[in-house]
Amino acid sequence: MLNIAADKAGWGKPLLAGHKLGVAIMEGYGTYIAQIAEVSVNGSDIRVHKMTVVADIGSMINPNIVQQ
């Protein structure tokens, strides 16, 4: 998941001045999620410019929950 998210987010490519990438990963209950945020900070102002999320939700038990 992390490799796919990094590729989709453009990891390793140049960013705009002042922009940085942050990473979060999660595994639980047969679900794997990787998130990459492109952010900038100006004083106390934190701005998220782009979120890339890749998820393998495992076995679907309740399709309504997945859709939500």
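Computed from the coordinates by the stated procedures, all read-outs in this text should not be read as laboratory data. Because the structure is a prediction, the values reported are computed rather than measured. Positions of Cβ are generated from backbone atoms using ideal geometry, with glycine treated the same way; all protein chains shown enter the neighbour counts.
So if we plug the beta-carbon distance of Met60 and Met26 into 1/(1 + (r/R0)^6) with R0 = 25 Å, what FRET efficiency do we get, rounded to 0.05?
Details: r = 18 Å, r/R0 = 0.71.
E(calc), rounded to 0.05, equals 0.90.
Counting other C-beta atoms within 10 Å, and keeping those with at most 12, which DSSP coil chymotrypsin sites (Phe, Trp or Tyr not before Pro) do you find in region 3-38? Write out the running numbers ahead of the final one.
On the way: sites: Trp11, Tyr29, Tyr32; in loops: Trp11, Tyr29.
Here the sparse-neighbourhood loop sites are Tyr29.
Can you give the Rg to Rh ratio of the chain, both from alpha-carbon atoms, with Rh computed by the Kirkwood formula? Before the final figure, lay out the partial values.
On the way: Rg = 14.7 Å, Rh = 13.5 Å.
My calculation of the ratio gives 1.08.
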